[in-house]
Structures are given as C-alpha cells and as structure tokens.
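The values are calculated or read from the model by the stated rules, or taken from the named source; none is laboratory data. This one's a predicted model, so the numbers in the text were calculated from it and none came from an experiment. Neighbour counts are summed over all protein chains in view; Cβ atoms, including those assigned to glycine, are modelled from backbone coordinates with ideal geometry. Keep in mind that these areas ignore ligands, DNA and RNA; they rest on the heavy atoms of the full protein, side chains included. Shrake-Rupley method; radii C 1.70, N 1.55, O 1.52, S 1.80 Å.
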Amino acid sequence: MYWRRIAELPGWLKAVMVGQVVSSAGALAWIYLTLYLVEDRGMSAQHAGFAAAAYGVGLLGGNLGGGWFGDRFGLRTAAVASQLAWAVTCLTLPLVPAGWIGVVAALAGLCGGASRPNLSALVATALPAERRREGIALSRTASNAGFTIGPPLGGLLAAYDFSLVFVVDAVSSLVLAAVIWRWVPGVRRTSSPAGVGLWRVLLRDRTVLVLLATIVVVDTVYRQVFATMPLLLRDAGSPAVAYGVLIGLSSVVIVCCEAPLAVRLRGHRSTRVIAVGFALVGVGLAVLGVWPALVGATLAIVVITAGEMLYKPTATAHVADAAPAGMVGRYSSLYAAASISGMFLAPALGGAAYEHTPGLLFPVAAALALAAGAVLVVSPAGERAGLPSESTARQSSAS
C-alpha cells in the first residue's frame, strides 16, 4: 500500500524528490565550512567561527524572507533562483580574499535558506490536504537519504582538494534547479487579498502563532543533541566516533520510517500528533539526563528521532494548511525560521548551562519539551485544529 501511494504521486513531484536526494548528497559546503577556513585558508578558529556565524545569520534571513519571494514571483521561480544563487556563492567563496569570506558566507546562507520554505510550499500545494503530511515526510526522507551519503563523500573530497567540496555542492544545486525548472508545471499564481498583510492575518487567528512559539522552544531543546550531547558523551568516556554513529542511526531511521508513519497517522488530529512528538523529544532528553552513558544515549536518540518524525512533517503541513490563499510561501517561511531557531539558541543557551549546571541541562530541556506539548493541547491551537482542511488543497502558487 505504501509503495502504491508513492507511485500515485505526481510525476514532477517524484522528480523533485530525486533532485533533493542529489542536492542533499552534495550539500557539503556548510558542513565543512569551518574546517575549510582553518585548514585551507589559514584562518584562526575564532575568525572561522565568525564566518560560520555570518552564514547562520544569512540562513535565518533566507528562511524568513524566501517565502515572500515565492508568494510574489511564484514558488517555482523562487526555488530555482535560490538554487542558482546558492551555486554562485558556493563557487565564489573559495576565490574571494579572506576579508570578504564573511560577506559571501552570509549571502550563501541567505540564498540557501530561501530555498527551504519554497520547496516545502511547492510540496504542500501539490497535494490534496489529506496527503500533505505524507508528501512533506517523503520530501524530508529524500533529503535525509542524501545526507547519509554526503558527509563521507565530503571527507574524501576534502582529503584530495578542499575546493572540490564547493564545486560538488554547486553542481548538485544546479541539478535540483534544472529538475524544478524542467519538471514542475507552471501554474497561475494565487494573489493574497489586497491590503491584507501577513501579520494582520496572523493576529486575527493566533493558533499558528501558538504553534510557532512551541516550535521555537522544542527546536532549541531538540538541538541539544547536536550542541551539548557530544560533550556529555565525551565526559562519560565515549569515543567521538560513537556520536557520529548515533547521528547516522537517526538519519537511517528517518529514511526508513518517517513517510510510512505519516501515512499511518494521516487521519489523526495534527496538533495531537505534534504534541506527542514534543513529548517523545522530552522523554528522550530526560533519558539523557538520568543515563548519560552510551547505552542511554542510544535509547535517547531512538526516542527523540521518533518524536522528530511525528512533529516535524506534521507541523510543516499544519502551517501550510492554515495559510490563506496567496500566503503559503510566507507561512512556510515563518515555520522554516522557527524550525531552525535552535541552531542559534541551542549552542549559546546549552553551552552556558552545560558549563555551569550540567546536571540540570537535560532535565530542564525535557521539561520544556513536555510543557510545549501541553500548551499545544490545551491552547486554542489544539482545540480548533482538526484534520487538514481542504481550503489550501486548491491553492496553486508555482509559476
């Protein structure tokens, strides 16, 4: 049944997902950026960190603003343009003087960040409402499948010639841009009502704001897996390679299970599925707090990954469902920005907490995730949100 449902997807959407696999497999520049700047360009760790931070600032800006371009000029046009611009910045970064690397890194983050909400909105508007979670889960599966290939490939390329990392990243992005331009159909763009701004719409129906606020909280604690869990395992005596294996295990579980799980749960109330996902993230973090050994971390990663598979595709689809006509891109941008907020908040907050009160970090993080789930259930967002509505099923924003 599951494979038959994949076969029933539009041909262009399947082509885009293949392009996502290629693009994700080649998405190496941001992974190896700091290492490249230190080893190949001779920068200090501090200056390399500033450049990486500039990339992060650009990434946030791209996620916030990319959807506006999608709504204004069409999702297909915006997705292609962002991929092309990202390819240009990738090829430019190894060529510019050291003083300009931070500027180029910020532009790269801006271009790369802009593509994410537009791709999500393309998938969301391509499918009827009852299949939206499934389609977004499949899109995430395609990206995660590529990520399982990319880091080892990047390590081999970096050992031979670091510049090849940026060339491969640019080429893989050009492949995705070509697939989108060739296969995604041109559809008339839907305009938002005249004189109606995004914030005015959001303030009239605050259910999305509640969801976005909980996403910021949960993403901050979820990303402790990347920010402070390596330190926890190191201090517990686990080798560095063990952490890499755990993260790889998480990606494999997502590739194998996320889309079938979305199909299985497609009839359940979205906010309840999201809340259960938040709760599982909280339970996994609690396990890390009381059992910081490698076995405990393995169990924690399995539970946290289960929570991620529940809340991430469901929340992405839920926000797209809530978007008025002509605002799917901007709504997707808001979700995309909220869902990466932990990239900035988690290292700063988690690092400070781990240094001063390491025993409290993961219990407090667990409590915050559980509280976010409870807020979502008891708030108007949980009371009013039912199954995906049909209101956005007929929206078309690609052009």
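Values as computed for the structure displayed
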{"item": "Accessible area of the chain belonging to carbon and sulfur atoms, whole % at 1.4 Å probe", "result": "70"}
{"item": "Helix runs (DSSP H) in the chain reaching 24 Å along axis by Cα, Kyte-Doolittle at least 0.0", "result": "45-73, 75-92, 101-126, 132-160, 163-183, 240-264, 270-290, 294-322, 358-378"}
{"item": "Local electrostatic count at VAL165 - Lys and Arg +1, Asp and Glu -1, tallied over other residues with Cβ under 13 Å", "result": "-3"}
{"item": "Mean ellipticity per residue at 222 nm, deg cm²/dmol - from DSSP H runs of n ≥ 4 across the chain, formula -39500 (n - 2.57)", "result": "-26500 deg cm²/dmol"}
{"item": "Radius 14 Å from Cβ of PHE344, net charge of other residues (Lys, Arg +1; Asp, Glu -1)", "result": "0"}
{"item": "Probe 1.4 Å, protein heavy atoms only - accessible area per residue of the chain in square angstrom", "result": "42"}
{"item": "Extreme residue, positive dipole direction of the chain, given options ALA300, ALA275, GLY326 (C-beta unit charges)", "result": "GLY326"}
{"item": "Charge context of SER115, other residues only, Cβ under 14 angstrom, K/R +1, D/E -1", "result": "+1"}
{"item": "Burial ranking of peptide ranges 159-168, 362-371, 103-112 (average Cβ count within 10 Å, highest at the top)", "result": "103-112, 362-371, 159-168"}
